[in-house]
Amino acid sequence: MESIGVLMMCPMNSYLEQELDKRFKLFRYWNIPQTQQFLKENSNSIRAVVGNSMAGADAQLIESLPKLEIVSSFSVGLDKIDLNKCKEKGIRVTNTPDVLTEDVADLAIGLMLAVLRRLCECDRYVRKGLWKTGDFKLTTKFTGKSVGIIGLGRIGTAIAKRAEAFDCPISYYSRSEKADTNYKYYPSVIDLASNCQILVVTCSLTPETRHIINREVIDALGPKGVLINIGRGPHVDEAELVSALVEGRLGGAGLDVFENEPEAPEELFGLDNVVLLPHVGSGTIETRTAMADLVLGNLEAHFLNKPLLTPVV
Ligand code: NAP
């Protein structure tokens, strides 16, 4: 397979990069100064694209690669891939479901605890030597808080399971009610937000779910409510979120993702009721290695004419 051209869109994992380099003819897109010129000269040898949550395959890239057969994403989310264009052109698409579910769900619970129990502020308190000046202020209990989940898919269900162990009543919103669960279903996000204390975003990012968290939803969650976003940044109208937090109209937020990564709104840096993470939901050595193996397995299966491991298209 050494002669098969694979275009990697951005740096994502050194093990994956090394293995792609060993097994295929690897092109690193981020190292290419003149991309137009590069595509002109190499487009006929590129048969696969490897992307992730930052850079995938948009219509323009797909159109410029006439020999493209497969897009293998180092992510479960598919929002950076033009799926319709891939379908239209018969290009296969794979992602990395399941292997990252536990890590992302663990981190969502971590964010809930960090926001309510002020873990980051506590840590700063000790490091700054403030403990000697008096006890840390009282915080808010997590056990028993009602948790509302937007998108009860693989990750949403894993978060629900974990929150149940903390005696949290679970409710959810998605496009349809699930037959295989007893969690309370709300057919509108506003109703879900009005009836929970912690609202978690974990649905896929699509044109319908962009800004699913808007001013109305934030107001429904209210000054004691907490928003956790472990999905994608554009799920949240960030300007509205920032003003609600600054004005005290929302109780707190735990955010792993942002609208313009790697930028995060500086207005939030001084707020102690907010915990900010640099998009690390699946960021453990074990999980990223399993994701890399899935990307490699899918590419090899495709080029050996075997069934794909995790096909989307
Ligand atoms: P999944 O199993 O496909 O679940 C996605 C859920 O989104 C489904 O339950 C679906 O429910 C719901 N959904 C889709 N469109 C919707 C809409 N218009 N309104 C409401 N709900 C909608 O995917 P997953 O493996 O759980 O992953 C979920 C997302 O998490 C990914 O797409 C990705 O963006 C994000 N993620 C983030 C990180 C991170 O590092 N922070 C890591 C991994 C994944 P219905 O079909 O019933 O509507």
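Throughout, read-outs are computed from the coordinates displayed, never taken from laboratory work. These figures come from a predicted structure and were not determined experimentally. Positions of Cβ are backbone-derived with ideal geometry, glycine not excepted, and every protein chain shown enters the neighbour counts.
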Requested in this report: Take the chain, connect every pair of alpha-carbon atoms lying under 10 Å apart with a spring to form a Gaussian network, then pick out the residue of VAL295, VAL246, VAL217 with the largest mean-square fluctuation.
Outcome: VAL246
Report summary line: If every Lys and Arg gets +1 and every Asp and Glu gets -1 at its Cβ, then about the Cα centre the chain yields a dipole, in debye to the nearest 20, of 380
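What are the GluC sites (Glu not before Pro) within region 215-306 that DSSP puts in a loop, where the Cβ has at most 11 other Cβ atoms within 10 Å?
Loop-located and lightly packed - GLU247, GLU263.
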Query raised in the report: Residues with beta-carbon under 13 Å from that of SER14, excluding SER14: net charge, scoring Lys, Arg +1 and Asp, Glu -1?
Result: 0
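Please list, by residue number, every one of the GluC sites (Glu not before Pro) in region 1-110 that is coil in DSSP and has at most 10 other beta-carbon atoms within 10 Å.
Passing sites in region 1-110 are GLU2.
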Report summary line: From DSSP H assignment alone, runs of 4+ in the chain each adding -39500 (n - 2.57), the sum over residues rounded to the nearest 500 puts [θ] at 222 nm at -10000 deg cm²/dmol
Report task. Enumerate by residue number the trypsin sites (Lys or Arg not before Pro) in region 1-98 meeting two conditions: DSSP loop (anything except H, G, I, E, B), and at most 15 other Cβ atoms within 10 Å of the site's Cβ. Result -> LYS67
Query raised in the report: For the chain, modelled as a GNM with alpha-carbon contacts under 10 angstrom, which of ILE285, ILE230, ILE198 fluctuates the most?
Result: ILE285
Query - Sequence of TYR173, TYR15 once ranked by neighbouring C-beta atoms within 10 Å, starting from the fewest - result: TYR15, TYR173
Query raised in the report: When the Cα centres of region 293-313 and region 232-264 are compared, how far apart do they sit, in Å?
Result: 36
Requested in this report: Any of LYS161/LYS184; LYS25/LYS87; LYS67/LYS87 with alpha carbons more than 20 Å apart? Name them for me.
Outcome: LYS25/LYS87
Query raised in the report: Hey, in the GNM for the chain with a 10 angstrom Cα cutoff, which one of THR35, THR209, THR157 fluctuates hardest?
Result: THR35
**Report entry** Chain lengthening between ASP21 and GLU266 when straightened (0.36 nm per residue, less Cα-Cα)
**Finding:** 84.4 nm
Query raised in the report: Taking the Cα centre of the chain as the origin and placing charges on Cβ (Lys, Arg +1; Asp, Glu -1), which of LEU277, LEU299, GLY151 is farthest toward the positive end of the dipole?
Result: LEU299
Report summary line: Quick note on HIS302, HIS279, ordering by fewest other C-beta atoms within 10 Å, gives HIS279, HIS302
